[in-house]
Amino acid sequence: MRRRGIFTTYKIFTYLLAKYVLAFAILAVTQFVFYFVNAPLFSIDGAKDALMIVLGNVHFGISTTAIVLVPYFLLNIIPTGLRWKPVYKNISETIYIISVSVMVMVNLADTIYFQWTLRRTTGDIFKYLTVGGDMSNLVPQFLSDFWMYVVGFVVLLIVFIVLSKQIVLLPRRAYPKSILKDTILSVLFTAMVVVAIRGGVFLQYRPLSPIDASRYTSSENTPLVVNTPFSIIRTFSKQSSIEKMSYFSSASALDNVFTPLSSAMIDSCDTVVALPDTVVDNKTNVVLIVLESFSEEYIGCFNANGGRSFTPFLDSLVQKSIVYRGMANGKRSIEAIPALLAGMPSLMNEPYITSSYSMNKIEGLPQILKRNDYHTSFFHGAYNGSMNFDSFVKSVGVDEYYGMNEYNNPKDYDGNWGIFDEPFLQFMAAKLSEFPQPFFTGVFTLSSHHPYTMPKQHQNKFAKGDIPILETVMYVDYALKKFFEKAETADWYNNTLFVITADHTAQAMADEYKTDYGMYKIPMIFYHPNADTAYRSNHIFQQIDLMPTLIDYLKLNESYACFGKSIYQTEGGFHVAYRNGWYQLLKDGYLLRFNNEKFEIFDVEKDPMLAHNIAKDKNDKALEDLKQYLKTIIQQYNNRLIENRLNVNENI
């Protein structure tokens, strides 16, 4: 008796094509869900732009579906009668269901994750998961918090399986007579699959890659064109693979535009804050406080949230501090620490810490400070090994690392990431009093990270705000207040510069913080108890500028290599980042984006929402100079990492 279904055929390759179309359609549904959920983060410019995004989705979807179904196709294009045998067929159908299910699950999962990173997940996710947190607790928490997506996935999976069973391959009793025909069709079908995987044949001289999304829309909207399975697959073996660049053939011409090699300006620079007279030989202590997910938008003194403040303590501290236009160099925590401690941005798909270049010889700020008689330490309340921070900070000169192991009090564990910030900062304040002066220490907080767990004694104590993170922002602000209250009683306090910044931004509320400019805005606050000046500077201060700025501030007679620049040696500053295959430069009032093929240029003063690309409308020398500046940074970064040429001193 024949099996009935919506689509029945005895032709194996017609059957495979129908299975392919169904898988493609399911992927398209998840792409629509991705847009529906994240629509406020994009700006589609009319019907033509929308049509091009749809066409791009089709192009990338065709390739993705073919790649995902390769194992299934291999089992079914071999010219053999086994393909009609029940056991063999059940095995191949199981592989089909699993392959498509994984594709759907990955794309739906990134629908959520994108709201934090604003980039499609790439192949480095497998390394990142192994160093990110306590996954045994985090995964159940995520599934609980985003249960509606789990339900949606299950419903979509059921629909997919039901539809899949409606595509029926009828038996062929006279198969041996069709071997020659099947062999020819197998070759043709294989060729079609290869063409689909490549993304084309005649017009596609190289395999389709994520960068090709820019052919269909602006850089801001390319995540709508690319799907996450494609992004992961295409970057899996190339996470830290960067190519040597030759924009400039002359080394001297390259260095004249931008060089990572610098020396301290100890004679002519003014200090960031006035040092007290009691400081011996200007050996002031430095405490770097890195706040988890603290967008500039959340801090009341920046007036970005309608006047409502979620950081009363920081607001009061800013009144006694020097504040810069802080900019993060990445969108993930693992990218922040190399930027802050070694002036090393992650201008590639993979974070520097987990890349193959992490074994290169570089010299960080702690190493330079150690040569100048500083004690160095770093505190992070997560489990030891989280994001490889303990290994990295020691590789750049940190003597003592304090994590959850050293804290050694599980009652303060938040159940997901590590020790709550309030008790951990108190622990750090006590430890600082044990260190010899001068000292440098860094601390990375964690309580304002999803799932935003609050200590029991503080639940319902703080305002919740419009998004979940704001309650924990208030808690972290409170924890900072308690830390400073304890620090004020220590003998080292008046001889200490506090630098308060963040690792990256998080979910945005106002539209201005959803742009490629606003999504990197973080606090950059310099506070010294004995300073007699306080002001807001318009100077751009990116994370990679911290190392050279502190070397100048402390008047250390040192040469070093890093990609940031001291605020004493630049006018106005600049900011560089990399996301979704695009390099980005903010300098002289313009924001440039470049994907090694084309530029997008925006006037951030006149167009803060980045709505008008003026790359074709305006072409003067100033903009050409900025293009060359960005290309120089890219060439210096790629070539020096590949050649391991980021060490100035022989003893690194």
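The values are calculated or read from the model by the stated rules, or taken from the named source; none is laboratory data. Everything quoted here is computed from the prediction, not taken from an experiment. For neighbour counting, all protein chains shown are included, and Cβ atoms are generated from backbone atoms with ideal geometry for every residue, glycine included. Just so you know, the surface numbers come from the protein's heavy atoms only, side chains and all, with ligands and any DNA or RNA stripped out. Shrake-Rupley method; radii C 1.70, N 1.55, O 1.52, S 1.80 Å.
Percent of accessible area on region 23-106 owned by carbon and sulfur, 1.4 Å probe?
Numbers: 3070 of 3870 Å².
Here it works out to 79 percent.
If the cut-off is a Cα-Cα distance under 24 Å, which lysines reach Lys598, setting aside same-chain residues fewer than 8 apart in sequence?
The reachable lysines, counting only those whose Cα sits under 24 Å from Lys598, are Lys48, Lys238, Lys244, Lys331, Lys514, Lys587, Lys606, Lys616, Lys618, Lys621, Lys627, Lys631.
So what is the diffusion coefficient of the chain in µm² per second by Stokes-Einstein at 4 °C and 1.567 mPa s, using a Kirkwood Rh over Cα pairs? Kindly include the intermediate steps, with their values, before the conclusion.
Numbers: Rh = 26.9 Å.
This corresponds to a translational diffusion coefficient of 48 µm²/s.
Which shape class applies to region 520-652: rounded if a/c is under 1.5, otherwise prolate when a/b exceeds b/c and oblate if not, where a ≥ b ≥ c are the square roots of the Cα gyration tensor eigenvalues? Display every interim value, and only then the final one.
Working: a/c = 2.44, a/b = 1.27, b/c = 1.92.
Oblate, since a/c reaches 1.5 and b/c is not below a/b.
In debye, nearest 20, what is the charge dipole magnitude of region 327-411 about its Cα centre with +1 on Lys and Arg Cβ and -1 on Asp and Glu Cβ, if you could check?
Values: 7 positive and 8 negative charges, 27 e Å.
Dipole size: approximately 140 debye.
Just the number, please: carbon plus sulfur as a percent of the accessible area of region 516-562, 1.4 Å probe, no ligands or DNA/RNA counted.
On the way: 440 of 1190 Å².
Using a 1.4 Å probe with all protein chains present, region 516-562 comes out at 37 percent carbon and sulfur.
Which lysines, on any chain, are close to Lys181 with Cα under 24 Å apart, when same-chain ones fewer than 8 places away are left out?
Cα-Cα hits under 24 Å: Lys11, Lys19, Lys85, Lys89.
Name the residues whose placed amide hydrogens come within less than 5 Å of the amide hydrogen of Leu288, ignoring near sequence neighbours (fewer than 5 apart) on the same chain.
Thr441, Gly442, Val443, Val499
Can you list residues from other chains, or at least 5 along the same chain, whose modelled amide H is less than 5 Å from the amide H of Lys565?
It is Asp545, by chain and number.
So which helices of the chain fit the span-like rule, where a helix is a whole DSSP H run, its Cα atoms reach 30 Å or more along the axis, and its mean Kyte-Doolittle is at least 0.0? Before the final figure, lay out each step's value.
Values: long enough: 12-38 (39 Å, 1.70); 46-68 (32 Å, 1.14); 86-117 (46 Å, 0.73); 621-643 (32 Å, -0.74).
Helices meeting the criterion: 12-38, 46-68, 86-117.
On full extension of the chain, what length is gained from Leu157 through Met359, given 0.36 nm per residue of separation minus the C-alpha to C-alpha distance?
Extra length available between Leu157 and Met359 comes to 68.4 nm.
Need the list of lysines near Lys431 for cross-linking: C-alpha distance under 21 angstrom, and skip anything on the same chain fewer than eight residues off.
By straight Cα distance, Lys431 reaches Lys283, Lys370, Lys394, Lys411, Lys481, Lys482, Lys486.
How high is the FRET efficiency between Ala47 and Lys618 when r is their beta carbon distance and R₀ equals 25 Å, given to the nearest 0.05? Could the numbers behind the result be given before it?
Values: r = 27 Å, r/R0 = 1.07.
FRET efficiency, Ala47 to Lys618: 0.40.
Please work out whether region 337-391 counts as rounded, prolate or oblate from its C-alpha gyration tensor, where a ≥ b ≥ c are the square roots of the eigenvalues and a/c under 1.5 means rounded, while otherwise a/b larger than b/c means prolate and anything else oblate? Mind showing how you got there, number by number?
On the way: a/c = 2.28, a/b = 1.27, b/c = 1.80.
In terms of gyration-tensor shape, oblate.
Place +1 on the Cβ of every Lys and Arg and -1 on the Cβ of every Asp and Glu in the chain, take the dipole about the Cα centre, and give the residue among Pro423, Tyr578, Ile540 whose Cα lies farthest towards its positive end.
Tyr578
In whole Hz, what ³J(HN,Hα) sequence does region 365-370 give by Karplus (6.51, -1.76, 1.60; θ = phi - 60°), x for Gly and Pro?
So the J values, rounded to whole Hz, are 4, x, 5, 5, 5, 4.
Mind listing the phi-derived Karplus ³J(HN,Hα) values for region 490-502, rounded to whole Hz, using 6.51, -1.76 and 1.60 with θ = phi - 60°, and x for any glycine or proline?
8, 6, 7, 4, 6, 10, 9, 9, 9, 10, 10, 8, 9
Quick one: which residues, 5 or more positions from Ala502 or on another chain, have an amide H under 5 Å from its amide H? H modelled 1.01 Å from N in the peptide plane, none for Pro or chain starts.
Here Leu291 satisfy the definition.
Mind running the shape call on region 453-545? Use the C-alpha gyration tensor, a ≥ b ≥ c as the square roots of the eigenvalues: rounded below 1.5 for a/c, prolate if a/b tops b/c, oblate otherwise. Let's see the in-between values first.
On the way: a/c = 2.67, a/b = 1.12, b/c = 2.39.
Since a/c reaches 1.5 but b/c is at least a/b, the shape of region 453-545 is classed as oblate.
Can you give the accessible area per residue of region 463-610, in Å², using a 1.4 Å probe?
Values: 4610 Å² over 148 residues.
That works out to 31 Å² per residue.
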